[in-house]
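Contents: one structure, followed by commentary.
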Amino acid sequence: MQNTETPAQSGKNRLLTYWLSALCFFISLPLFLNSLDSAQIKITLYYIGAIGALGLWISKLYFYKENIFTRQNLIKLLPFVLYVGYVVISYFFHPYIMGRAESLFKFLGICIFFSIVAFEFDKNDIDLLFKAIIGCAWVVGTYGLIQVINLYVYSGVDLLYWTNAFQKRIFSTIANPNFLGNYLLFSLMVVLARFCYTHYKRYILLAAILVTDIFFTESKGAWVGLGVSLVVFAGIYLNFFKTKLSEHKKIINISALIFFLACAALTVHFGAKRMQSVNFRLSTWRSTWDMVQATPITGTGFGSFQVIYQAYKRPDIFYMENLHNAETQHAENFFLEQWASLGILGLGLFLYLVFYQLKGAFNSLRYLEHSGDKETACNLFAALMAGSAIYLHNLVDVSIYFVSTMYFLALFNGILFNLAYGGLEKTKRENTTNKKPGILTLILCFLASSCILSLIIFVGYQFAKIALSDNILLLGLYWGFFLAGSLGVLWVFCYAIWKYRKVFVAILLSLTAFLMFKAFGTLLSDHYLSIASSMSMTDNKNPVIGIIYTKAINLNPFRTSVNQFKASFFVNRFDMRRKFLPLEGDTEPMNDFERADKYYQKEISLSPNNALVWHNRGLLYRKMAAYIGPKNFYDGEKYYKQAETFFKHSLHLDPVFDNTYFQLADIAAMHRDFKTAKVWLNMYMQGPQDVVNKDYLAQHKNNETAKKYYKIFDEEERKLNEQNAK
């Protein structure tokens with residue numbers, strides 16, 4: 001026997017609602033443990049939250065005998081199914097699977113959060129979720145205001161040590177001014193939509209705080225998004241909601257246009273202050289367009305942008321970044337990156353999905369306006385505008401890929417679909433086995449609860465190694481978040497186990513807790529990487545460094561960059577005695593040359609277009625040639641030839657790095673081929689052919705090291721010619 005019931009009718013509890021609402025705070029507010037540039041703590045919490053939510057959801061579906069795989073649901077979800085299916089297929093049918101794994105994990109997290117909101121949430125759940133989002137906005141916005149006061153009014157108000165990390169730009173708890181700009185933007189859309197329904201004056205204050213913070217992020221993309229979003233906001237509100245303001249459409253439209261022009265002016269102002277940032281985006285878009293033209297139909301595979309793009313990266317970007325080891329991870333335009341990664345097929349499916357969402361939203365807004373359900377209309381409007389603001393901002397920025405935006409975008413899309421299409425049905429089989437749980441079930445429930453408690457205690461022990469700080473306030477924040485999160489997970493999981501009292505649920509939630517514990521390893525891996533990097537600056541031959549790098553790789557094998565750091569350690573130590581060191585990752589006796597080459601090869605297999613890895617591998621082979629050459633001339637020459645090959649490949653990817661030219665010139669000079677050595681120096685001093693900026697080319701032409709070596713090689717060539725003439 002089957003019947004169809006709503007979640008409320010099926011006697012659902014609100015564990016999932018509390019879980020996702022609490023996760024809003026845990027994604028938005030945690031600060032950073034070891035590095036200002038690392039957002040690994042938010043990424044880790046995102047993974048933990050997604051795994052926990054999935055385990056709780058499956059447990060609920062099992063207990064209530066609910067089936068979500070119905071024909072009606074498939075019809076409603078068809079655009080989502082097509083897009084998600086294409087993304088997953090494109091992932092497995094393109095190379096560099098391990099190098100792209102983190103992108104897939106994040107995307108699956110979006111699918112989990114979206115599905116839970118679409119299937120499980122009712123009006124009360126959505127209302128609670130919006131309250132959590134607004135609560136986060138109050139905290140993030142207020143701390144942003146404190147940073148403004150600290151920077152411009154009274155230094156010392158912000159008690160945390162990183163307040164000047166971006167000079168005069170604020171970043172609150174979101175780690176980056178551009179990402180903060182997007183967070184403030186979608187939060188502002190939610191606040192304004194709620195104000196239109198409730199008319200609470202506190203929302204005006206919050207909106208003022210958010211706009212002020214947006215100004216001090218100095219984010220050009222945020223102002224572009226804000227200007228367009230407010231025009232769209234006014235247009236939709238005036239056309240779909242019957243209010244007293246509808247009588248003043250003309251005045252409001254003119255005001256919206258003026259505000260849009262003001263936002264455009266601020267965009268130009270901040271762009272002029274950091275013109276290099278504008279040029280960076282333009283160069284990135286041109287390079288991404290080259291990627292699109294190479295594989296326009298199928299793309300390069302989901303999550304492949306940061307792997308493939310390095311081969312298309314324009315030389316100008318190396319000057320702008322002033323680095324030769326920076327990997328551009330995104331295209332600064334979500335839609336262009338979709339095309340490059342998924343091809344026109346994937347982009348078309350995505351745009352169809354967006355159109356499907358918008359069509360449902362507008363149809364539902366008309367219906368809700370006539371039915372008089374203004375609260376639901378307000379929530380739908382808030383989700384529509386918040387999601388739209390994210391996409392609009394992402395036309396010129398990378399914010400969608402940071403988890404503090406990604407998570408909320410999943411929620412907004414879930415709310416939008418839920419309200420626009422009336423949610424999804426669940427067929428429920430009548431439970432004919434209402435037996436009381438037996439003693440074995442109770443024992444398993446107890447063991448599962450104990451297992452979860454043990455895992456949380458062990459995570460606490462591991463966290464104690466990370467959350468060390470001289471700043472008492474910072475230390476209190478770390479432990480406050482950790483204890484609140486740990487106690488919350490313990491309560492939710494144990495509550496679910498004893499409420500359901502099913503063997504399957506006890507086993508499933510124990511497994512879920514274990515997977516969450518493994519996900520915590522990504523944060524611990526980041527911690528070990530920071531320790532090893534710090535130790536390398538003081539004693540780069542310390543044997544403990546190799547062991548720490550091994551731990552970092554084992555905890556997070558998907559973070560590919562650790563391989564080259566570990567390889568560099570072996571290059572510096574360069575112990576050529578064959579030993580078996582399993583703690584350093586050995587599977588057989590090896591020397592440090594073999595170890596370093598092994599990890600460089602591994603890094604290249606995951607990220608083949610990283611110019612610095614090829615350069616460093618060339619340095620390794622040159623070092624080996626110098627080591628073995630005096631003992632065996634022919635073997636030494638083989639290593640020199642191989643080093644030249646690696647350096648040339650590095651130049652193909654990065655034609656800017658002076659040291660690569662110098663290495664090739666030096667190898668030629670060592671072989672008394674001064675003519676070739678001068679050719680390499682000439683190539684450097686002329687600059688890459690694709691570069692026309694005179695300031696960039698001047699860096700090559702005026703390089704004192706290049707000039708010095710050119711004179712030396714020229715003199716040596718003259719002497720050699722004189723000797724040959726005699």
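To test your reading of the geometry: what angle, between 0 and 90 degrees and rounded to tens, separates the Cα axis of helix 592-606 from the longest principal axis of the chain? Taking Cα atoms only, the helix is inclined about 50 degrees. Of the three principal axes defined by the Cα atoms of the stretch 523-725, the extents in descending order read 59, 45, 30 Å.
Approximating the spin labels as points 7 Å out from Cα along Cα→Cβ, the residue 199-to-residue 724 distance works out to 9.3 nm.
Annotation: amide H-H contacts under 5 Å for residue 590 (H modelled 1.01 Å from N, sequence separation of 5 or more, or interchain): 579, 580, 581. Electrostatic tally near residue 659: other residues with Cβ closer than 15 Å to its Cβ, Lys and Arg +1, Asp and Glu -1, net 0. Across the stretch 602-660 the C-alpha pair distances fall into 5 Å bins from zero in the proportions 4, 23, 25, 20, 15, 9, 4, 0 percent.
With the cut-off at under 20 Å, measuring from each backbone N in the stretch 621-654 to a point 7 Å along the Cα-to-Cβ line of residue 541 picks out 621-630. Rounded to the nearest whole angstrom, the semi-axes of the ellipsoid equivalent to the stretch 439-519, taken from the Cα gyration tensor as √(5λ), stand at 30, 11, 9, largest first. Taking other Cβ atoms within 10 Å as a rough exposure proxy, 97, 41 sort from fewest to most as 97, 41. Available extension along the chain between residue 82 and residue 626 is 190.2 nm, counting 0.36 nm per residue and deducting the alpha carbon span.
Relative to the 2.2 N^0.38 Å rule of thumb, the stretch 491-535 has a C-alpha radius of gyration ratio of 1.73. With neighbour counts taken as other beta-carbon atoms within 10 Å, the residues 24, 378 rank, fewest first, as 378, 24. Extents of the chain, taken as max minus min of Cα coordinates on every principal axis and listed largest first, are 103, 72, 55 Å.
Cβ crowding within 10 Å ranks 516, 590, 624 as 590, 516, 624, fewest other Cβ atoms first. Full extension of the chain between residue 294 and residue 714 gives 146.9 nm of extra length, using 0.36 nm per residue less the Cα-Cα distance.
Straightening the chain between residue 359 and residue 675 buys 106.9 nm, computed as 0.36 nm per residue apart minus the Cα-Cα spacing.
Note on the stretch 30-182: dipole from Cβ charges, positive end direction compared against 79, 151, 105; the farthest Cα belongs to 79.
For the chain, the longest principal axis of the Cα atoms and the long axis of helix 633-653 meet at an angle of about 40 degrees.
Count charges around residue 127 for me, please; just the other residues with Cβ under 15 Å from its Cβ, Lys/Arg as +1, Asp/Glu as -1.
Charge balance near residue 127 sits at 0.
Note that the stretch 65-80 has calculated 3J(HN,Hα) couplings of 6, 9, 10, 9, 8, 10, 5, 5, 5, 4, 5, 5, 8, 3, x, 5 Hz, one per residue in order, obtained from phi through the Karplus relation 6.51 cos²θ - 1.76 cosθ + 1.60 (θ = phi - 60°); glycine and proline are x. Based on every Cα atom in the stretch 392-469, Rg and the maximum pairwise Cα distance Dmax equal 22.2, 60 Å. Rg and Dmax of the stretch 518-572, both derived from C-alpha coordinates alone, stand at 10.4, 32 Å.
Cβ-Cβ distance of residue 278 and residue 504, R₀ of 60 Å, FRET efficiency by 1/(1 + (r/R0)^6): the value works out to about 0.60. Here the stretch 47-92 has an Rg and Dmax of 13.5, 35 Å, counting Cα atoms alone.
Only Cα sites of the stretch 11-152 enter the Debye sum here, all with the same form factor; the resulting log10 I(q)/I(0) across q = 0.15, 0.16 1/Å is -0.96, -1.05, listed in q order.
All of the numbers you see were taken from the coordinates with simple rules; none came from a lab. Not measured: the values here are computed from a predicted model. Every residue, glycine among them, receives a Cβ derived from its backbone with ideal geometry; neighbour counts consider all protein chains shown.
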